[in-house]
Each structure stands twice: as C-alpha cells, then as structure tokens.
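Read through the structure below, which is laid out as structure tokens, and then see the notes.
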Amino acid sequence: MAHSDITFLPDPDPESISSDVAGFGGLLVTTQIPTRADGSLELGSITEQSECTLQALKVALEAAGSSLDRVLHLTIYLTDMADRPAFNEVYQRFFSKPWPVRAAVGITALAAAGMRVEVTAMAAKG
C-alpha cells in the first residue's frame, strides 16, 4: 500500500505482519502488546503485562514523534475483565489528566497463549 499522505513505521519484529505505527494528517495509530525492551513477550501477571504494553506504547509513539500526553484515544483489550482494576493502576502511572478517551473491551483470547492485554492508541503527532 503506497499513499503519500500515510506513513507506516514497521514493527521491529521482522516476522510481524503489522506496522508499529501508522500516521496520517498529524494523527498516529499504533497497537502494542506486552513486549519487553529486548523484544520478548511478557506473559507474567497482568501488572507486568500492562507495564510492558504501556512502555512499548510510549516507545512507539516517541519514535513516531509523539508521546503519551498526546494520546487522544486508547482501546484496551483484556482477556479477563477482572484484570481491569490492575490495568487501571498501571495506566494511572503512565497517563494523567486530562485522561484520553478510552474503552476497555473484554475478549476471549489474544494472539499468543497467556497474553492478557493489548492496546490500540490514536495520538496527535508533534
């Protein structure tokens, strides 16, 4: 797909079939999973997975010229809605007022067995 008004930043995983960040008209969209800094998947507690996921989001946005304080909307996918309070505790360490618009969605499974959280974010560039 080649469009001069859309920019894609590839995922650092060479086997990924998803871009890390896509940008258009000053708006960035990214999806992140609980990936550690070394690229491995964190499959520990919901707190550990949430920390890795939001840290990966922070890194991806900064690489694209944005930041967490420029996030407009966040969709949180959880395999167990009982994990929502623990996710929210971590979330409040990464975000502050004014809070982004957000939705938490309960789903039955994610891409890897044991993965409990994934986020999709829209952020303003700059």
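Read-outs: derived from the displayed coordinates by stated rules, not from any lab. Keep in mind that what you see is a predicted model, and the values were worked out from it rather than measured. Cβ coordinates were reconstructed from backbone atoms using ideal geometry, including for glycine residues, and neighbour counts include every protein chain displayed.
Using a 10 Å cut-off on Cβ atoms, rank the peptides 87-93, 38-44 from the highest mean neighbour count down.
87-93, 38-44
Using amide H atoms built in the peptide plane, which far-off residues or other-chain residues are under 5 Å from Leu72 H to H?
Met122, Ala123, Ala124
Amide H neighbours of Glu118 under 5 Å, at least 5 residues apart or on other chains, H built in the peptide plane: list them.
Tyr77
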